[in-house]
2 protein chains.
Amino acid sequence: MPEPDIGDYPAPHVAVDVAVLTVLPTDELAVLLHRRTGDRSGQWALPGRFVRPRERLADAVAIALQEKCGLHTRELRGRAPHQLHLFDDPDRDDRGWVMSAAHLLGLPCSLLQDVIRSRDDLQLAPIADERARVSGQRRLPYGQDEIVRYAVVDIRERYRKEPDPEGLLEDRQFTLAELLAVHVAVLDEDWQVDTFRRHMLPMLADTGEVSTGRPGRPAAIYRRIAAAARHGNTTAERR
Amino acid sequence: MPEPDIGDYPAPHVAVDVAVLTVLPTDELAVLLHRRTGDRSGQWALPGRFVRPRERLADAVAIALQEKCGLHTRELRGRAPHQLHLFDDPDRDDRGWVMSAAHLLGLPCSLLQDVIRSRDDLQLAPIADERARVSGQRRLPYGQDEIVRYAVVDIRERYRKEPDPEGLLEDRQFTLAELLAVHVAVLDEDWQVDTFRRHMLPMLADTGEVSTGRPGRPAAIYRRIAAAARHGNTTAERR
DNA sequence: CCTTGTTATCGCATCATCGCGTTAACTCTA
DNA sequence: TAGAGTTAACGCGATGATGCGATAACAAGG
């Protein structure tokens with residue numbers, strides 16, 4: 001799109017907003033919310049921040065999560081935020097013309113709870129009807145309910161097709177029951193075990209290890225096969 | 001994402017790029033390319049342009065198509081560009097820090113050909129292997145091959161699921177054979193007629209009219225049922 | 001060693017989908 | 001009016017997917 005007059009126009013500020021999704025120990029999908037530090041009456045919102053000069057969106061997401069939520073390399077390494085949508089309502093922010101690049105990032109609850117435990121400016125809000133359920137607050141500001149909805153629809157679509165694409169399991173090696181529990185939590189619907197097994201096994205590698213320590217046949221331990229290593233998609237992804 | 005210091009940072013320029021996809025009379029998927037007017041040796045590129053102050057992305061897309069390609073209300077009315085991805089490589093444009101909001105818009109070929117016929121700065125490039133095939137030009141500039149790929153993957157996914165979601169058919173009323181031809185062209189693979197009929201009929205309304213003028217049983221004429229009017233998705237969209 | 005409990009596998013009935021040959025419906029033309 | 005041609009519908013065999021009861025495998029504990 002060659003166009004010489006780049007300097008002639010003001011530019012929009014671009015912010016990143018992040019729907020950090022996780023699965024609570026109660027097997028509910030939840031989203032991370034943040035409010036202004038020290039402001040107990042402040043509004044809960046998705047974490048985010050403006051993009052700095054020449055900064056990549058993914059880097060802005062990571063820095064936003066570091067600055068606002070105390071999530072650092074330990075939690076974020078090896079994870080890439082998934083871009084959802086660019087929200088462009090020029091009136092969405094009182095301070096000026098801001099576009100919001102909405103993202104989704106999945107994190108295991110165990111990584112979040114350490115961080116959240118010691119702070120009152122963070123919470124995990126359960127998802128109900130594709131929205132964050134926040135006690136005492138009807139809606140998220142800046143149209144962020146829409147971002148949550150995009151994130152929930154997106155993550156559910158992906159969890160129908162492949163095993164734990166957002167890495168919500170704490171461990172990279174897991175049993176089929178653990179995988180199923182996460183999928184059921186994300187999708188908010190049950191899967192029959194045999195059907196689930198048939199869908200997922202082609203995308204999983206048996207580690208050869210088993211889970212012991214309790215009565216019963218030990219469950220096999222699996223890890224995900226990288227998508228690139230798989231040949232073709234499952235039939236569910238074709239017509 | 002409340003943050004007080006909006007004025008403190010330079011902002012990226014945001015451009016829109018549009019992959020206008022159509023189906024050629026040869027039943028091939030093609031993308032609209034533009035080059036600088038009067039420059040026969042200029043590079044072919046996707047149409048696009050910078051977003052003006054407080055302009056909506058969809059409006060920027062429409063204006064870009066008007067200014068660069070001569071597509072006006074007649075062609076664009078009732079059509080919404082589909083957002084694909086925000087490309088954020090700060091080095092993607094020599095003129096400065098530019099982000100590109102990539103879009104997809106489907107248009108019937110008949111609407112494009114009137115416009116293109118009289119100009120040498122527009123062409124419809126066939127798609128092969130998810131790329132635009134341009135004679136004498138190996139790649140599109142500004143990483144636009146990636147935009148084309150996103151657009152092709154996206155449109156194919158949607159054409160697997162619902163009838164003519166991008167309105168590539170010239171008419172809003174059509175026969176099943178016409179619909180099938182468009183789907184086969186987009187997906188670049190065949191569908192057995194009965195299977196196609198079973199998939200699409202639940203999302204189509206029989207107009208009661210038939211197509212006459214040639215030997216044989218007249219084909220029924222359908223129109224799409226608006227998605228909102230349909231109750232639930234087809235089973236293909238569930239597991 | 002036996003019982004309990006859990007996971008994995010299996011066999012199979014049922015249901016859904018697909019593709020194709022056949023039949024029915026309905027136009028156009030000679 | 002009959003034949004040709006095209007679309008729509010049907011019947012059905014083959015295939016695939018699902019769910020579930022039964023069985024096998026294998027641990028922990030008494």
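Structural remarks
Results for (1) assigned by TED's automatic domain parsing to the domain that holds A:ASP89; (2) among the aromatic types (Phe, Trp, Tyr); (3) more than 16 Å from the chain's Cα centre (by Cα), shown as yes or no for each residue.
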position: A:VAL115; (1), (2), (3): yes, no, yes
position: A:PRO126; (1), (2), (3): yes, no, no
position: A:TYR142; (1), (2), (3): yes, yes, yes
position: A:ILE147; (1), (2), (3): yes, no, no
position: A:GLU166; (1), (2), (3): no, no, no
position: A:VAL182; (1), (2), (3): no, no, no
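- Only one of the listed residues (A:ASP91, A:ASP17) is among the acidic types (Asp, Glu), closer than 21 Å to A:ASP145 by Cα, free of Cβ contacts under 8 Å to residues at least 40 places away in the same chain and at the interface with another protein chain (Cβ under 9 Å from one of its Cβ atoms). That residue is A:ASP91.
- Residues of the stretch B:66-118 classified as of a type outside the set (A, V, I, L, M, F, W, C) and part of a loop (DSSP other than H, G, I, E, B), total: 17
- Members of the stretch B:62-80 found to be of a type in the set (Val, Ile, Thr) and within 13 Å of chain A (Cβ to nearest Cβ), listed by number: B:ILE63
- Verdict on B:ILE127 being at pLDDT 95 or above and not in a strand (DSSP E or B): no
Here is a yes/no grid of residues against (1) under 29 Å from A:VAL153 (Cα atoms); (2) more than 16 Å from DNA strand D (Cβ to nearest atom); (3) open to solvent by 20 Å² or more (accessible area, probe 1.4 Å); (4) modelled with pLDDT under 95:
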{"position": "B:SER135", "(1), (2), (3), (4)": "no, yes, yes, yes"}
{"position": "B:TYR150", "(1), (2), (3), (4)": "yes, yes, yes, no"}
{"position": "B:PRO215", "(1), (2), (3), (4)": "no, no, yes, yes"}
{"position": "B:THR235", "(1), (2), (3), (4)": "yes, no, yes, yes"}
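- Candidates B:ALA80, B:ALA102, filtered to the one that is within 16 Å of B:VAL18 (Cα to Cα) and open to solvent by less than 10 Å² (accessible area, probe 1.4 Å): B:ALA102
- Residues of the stretch B:163-179 that turn out to be open to solvent by 30 Å² or more (accessible area, probe 1.4 Å), within 16 Å of DNA strand D (Cβ to nearest atom) and in contact with a helix residue (DSSP H, G or I) (Cβ under 9 Å, 6 or more places away or on another chain), as a count: 2
- Check on A:CYS109, touching a helix residue (DSSP H, G or I) at 6+ places or on another chain (Cβ under 8 Å), surrounded by fewer than 24 Cβ atoms within 10 Å (Cβ to Cβ) and in the same structural domain as A:PRO126 (by TED's automatic domain parsing): no
- Residue match in the stretch B:38-61 (condition: in a strand (DSSP E or B) and more than 8 Å from chain A (Cβ to nearest Cβ)): no
- When B:ARG92, B:ARG36, B:ARG56 are screened for being more than 19 Å from B:ASP154 (Cβ to Cβ), touching a Phe, Trp or Tyr at 6+ places or on another chain (Cβ under 9 Å) and open to solvent by 10 Å² or more (accessible area, probe 1.4 Å), only B:ARG92 passes.
- Scope the stretch B:190-210; condition open to solvent by less than 70 Å² (accessible area, probe 1.4 Å), under 18 Å from B:ARG156 (Cα atoms) and more than 12 Å from DNA strand D (Cβ to nearest atom); matching residues: B:TRP191, B:HIS199, B:MET203
- Taking the criterion of being touching a Lys or Arg at 6+ places or on another chain (Cβ under 7 Å), of a type in the set (A, V, I, L, M, F, W, C) and free of Cβ contacts under 8 Å to residues at least 60 places away in the same chain, the residues of the stretch B:176-214 that qualify are B:LEU176, B:LEU187, B:MET203, B:LEU204, B:ALA205.
- Residue that is nearest to the other protein chains (Cβ to nearest Cβ) [pool: residues in the stretch B:173-232 that are more than 12 Å from DNA strand C (Cβ to nearest atom), in a helix (DSSP H, G or I) and not hydrophobic (A, V, I, L, M, F, W, C)]: B:HIS183
- Scanning the stretch A:121-133 for residues that are away from chain B (no Cβ under 14 Å) and open to solvent by less than 70 Å² (accessible area, probe 1.4 Å) gives A:LEU122, A:GLN123, A:LEU124, A:ALA125, A:PRO126, A:ILE127, A:ALA128, A:GLU130, A:ALA132.
- Qualifying positions in the stretch B:99-111 - of a type in the set (A, V, I, L, M, F, W, C) and more than 7 Å from chain A (Cβ to nearest Cβ): B:ALA102, B:LEU104, B:LEU105, B:LEU107, B:CYS109, B:LEU111
- Number of the exception - B:VAL18 against (1) in contact with a helix residue (DSSP H, G or I) (Cβ under 6 Å, 6 or more places away or on another chain); (2) surrounded by fewer than 23 Cβ atoms within 10 Å (Cβ to Cβ); (3) at pLDDT 95 or above: (2)
The values are calculated or read from the model by the stated rules, or taken from the named source; none is laboratory data. Since the model is a prediction, treat every value here as computed from it, not as a measurement. Glycine gets a Cβ as well: all are built from the backbone with ideal geometry, and neighbour counts include every protein chain shown. Quick note on the areas: whole protein, heavy atoms, side chains included, nothing else; ligands and nucleic acids left out. Shrake-Rupley method; radii C 1.70, N 1.55, O 1.52, S 1.80 Å.
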